[in-house]
Structures are given as structure tokens and as C-alpha cells.
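Heads up, the thing below is written out as C-alpha cells.
What follows is calculated from the coordinates using simple rules that are stated; it is not laboratory data. Quantities reported herein were computed from a predicted structural model and do not represent experimental measurements. No Cβ is skipped: glycine too gets one built from the backbone with ideal geometry, and neighbour counts run over all protein chains shown.
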Amino acid sequence: MTEKLRVDLSGAPQTMLATLYAKALDADLPNSVLHDTWARDVVARIDYDWSQTSMTPRNSPSVSLRSAHFDSWTRQFLAVHPRATVLHLGCGLDSRYFRIDPGPDVEWFDVDYPDVAALRTRLYPERAHHHVVATSVTDPGYLGDVPADRPTLVLGEGLTMYLEADDGLGLLRRVVGRFPSGELQFDAFNRLGIRSQWMNAVVRRSGSRLHWGIDGPHDILDAVPGTRLLAWVPVFESDAFSALPGAYRVVAATMNRIPGLRTMAQFHRYAFGRPA
Ligand SMILES: C[S@@+](CC[C@H](N)C(=O)[O-])C[C@H]1O[C@@H](n2cnc3c(N)ncnc32)[C@H](O)[C@@H]1O
């Protein structure tokens, strides 16, 4: 039997162990949302006390639904732009590249801190058009090495809240300045979500801090010239909830009635550059 890989992370990088484990748990559910067998296999190869993640089969849909949502938006983008670049920022150990299995005209860059990128390289197989970049996403340097010759999807799932607002907005402005056209897709917490981060067990246990609260599309449209809104979806209103067991639908319906809670977590989608 091959020896398991010991993993010892703290702060924001540790949080990706929780999202990975949630997807692995989801894969074993009879009504799996994401069917992420890659996550299950990767979890099996890591030596870690997974009970520390606070993820259970019961709360795993909070993660798998979000990932399924961004898989769907990614597929939509690639259906329109089969020749494209994808920048998957704060990728953690997510298997999106393998779930989507894009064609040979897609250059895909998975970007995360060096500790996480090193784990990715050990745990996932190499593919010709798949690249792993070890850097902070807010470092201005790496974008210059990404080809700017095709429509570009910049996707950050579970990322924006870990960035300082100025750094996040600076990143989005650099993306819009460098690539000729494309989309920005990410999720966000509103300012109330940032203020109540003490309730978030994954964040608390990792010792990380959340910073950037986004209350709605105007926080982006006003600050990042050249962006056009394609979609803004408060998470509890997303279609995904309608497919879940009754208890989840009741929670979503309750959250939707309370201002502030309704937009606590949101999915954002913008176009930039030349219209397709
Ligand atoms: C909650 S996890 C989400 C991981 C993955 N996107 C998923 O959904 O499974 C947050 C990820 O963002 C990464 N991250 C946070 N801030 C970052 C930064 N400034 N540069 C690179 N990665 C960052 C963390 O290392 C971690 O992998």
C-alpha cells in the first residue's frame, strides 16, 4: 500500500481541506450533488484528521452545491469559447479541471499558495494543457506569464472573502487590463457575512481571517471599469436549493425573507472586454 501524504496547513490554505472533504463526503451520498470521485480518491491518499474540518455528510451540500454551480457556469463559458484560457484562482485541491475535462484548446491554470500548489502537483496527474501556478493570487507578477491570446475565464470559488478589498479589486482590474475579453466568476460574502465570521467553524478552526465583504454587483461594477454584469445570484435563491431535502429549502426560504441574510452569500458573474 502506498504511504499517505501527511498534510499540515494553517490559515487560509487549511480551509481547502474542508471543501475537499465535503466533496468527498458528497460523492458517497446516494443523492450526490457533484459526484466528485476525484475528491474521494485524493482524501483517501492524505493523512489528516478529517474530523477537524467540521464537515459531515449532512452539511456537505453547503460546499458541493457551490461547486456544482461554478461547474455549470464554467461549462457554459467553455461551450461558447472552446478556445479559451481558464484561471482557477484559490483552487485548493478542487478537481474542477478533471470534472470538466476541457478540450485541447483550453489552457487551464490552477493557482494557489505554494504549499497548496505543491500538494496538487503530487496528488493529481499531469495533463498537457493543465498548469499549476504556486503564488498568491494577488501577486501582480504571474498574470504576465499567462497567454492573453484568447477569451479568459477567471474563476475564484471560496476565495474573495480571504482577500483584502483593495487587493481583490486590484486583482480584478489587472485581469481586465491584461486579457482582451472574458468573464469573472466568483462567490462573495456580504459585509454582514464578514462581521459574523466567528460563526464559521471552518474559518475559526483554521485561524484564518475574512476581510472583503461585497454587498452587491455595484461594489464591483463601480470599482472595476470595463465589467458588465451577467448574473448575480444570492445563494439561497439559487436553483440548486430546490433539489435538496426539505430542511435545506426551509432554511433557504427563511434566509430569503431577512434582508442582510438573503445576500449573505452570493454568486457573481461579469463579462469584460469585447462582447462575444
Ligand atoms: C475555502 S478554500 C477553497 C478552495 C477551492 N476553491 C474549493 O472550492 O474547494 C480557499 C482557498 O483559497 C486559497 N487562497 C486564499 N487566499 C489566497 C491568495 N491570496 N492566493 C492564493 N490562494 C489563496 C487558499 O489557499 C485555499 O486553497
Assess whether Ser54 counts as being out of contact with any Asp or Glu (no Cβ under 6 Å at 6 or more places or on another chain) and not acidic (Asp, Glu). yes
Set Leu29, Leu20, Leu65, Leu87: member being in contact (Cβ under 8 Å) with a residue 40 or more places away in the chain, more than 19 Å from His268 (Cβ to Cβ) and hydrophobic (A, V, I, L, M, F, W, C): Leu20
From Ser208, Ser196, grab the single residue that is within 18 Å of the chain's Cα centre (by Cα), surrounded by fewer than 20 Cβ atoms within 10 Å (Cβ to Cβ) and among the hydroxyl-bearing types (Ser, Thr, Tyr). Ser208
I'd like the residue in the stretch 4-15 that is touching a residue at least 24 places away in the same chain (Cβ under 8 Å), part of a loop (DSSP other than H, G, I, E, B) and away from the ligand (no atom under 11 Å from the Cβ) and, out of all such residues, is surrounded by the most Cβ atoms within 10 Å (Cβ to Cβ). Val7
Is it the case, given these coordinates, that Gly168 is more than 27 Å from Arg58 (Cα to Cα) and either crowded, with 20+ Cβ neighbours inside 10 Å or not aliphatic (A, V, I, L, M) (or both)? yes
Go through (1) under 22 Å from Val251 (Cα atoms); (2) of a type outside the set (A, V, I, L, M); (3) surrounded by fewer than 24 Cβ atoms within 10 Å (Cβ to Cβ) for Pro61 and report which single condition fails. (3)
Of the residues in the stretch 136-146 that are part of a loop (DSSP other than H, G, I, E, B) and within 13 Å of the ligand (Cβ to nearest atom), the one that is surrounded by the most Cβ atoms within 10 Å (Cβ to Cβ) is Val137
Any hit, the stretch 19-34, residues being among the acidic types (Asp, Glu) and either touching a Lys or Arg at 6+ places or on another chain (Cβ under 6 Å) or surrounded by fewer than 20 Cβ atoms within 10 Å (Cβ to Cβ) (or both): yes
From Trp73, Trp38, residue being touching a strand residue (DSSP E or B) at 6+ places or on another chain (Cβ under 8 Å), away from the ligand (no atom under 11 Å from the Cβ) and of a type in the set (Phe, Trp, Tyr): Trp73
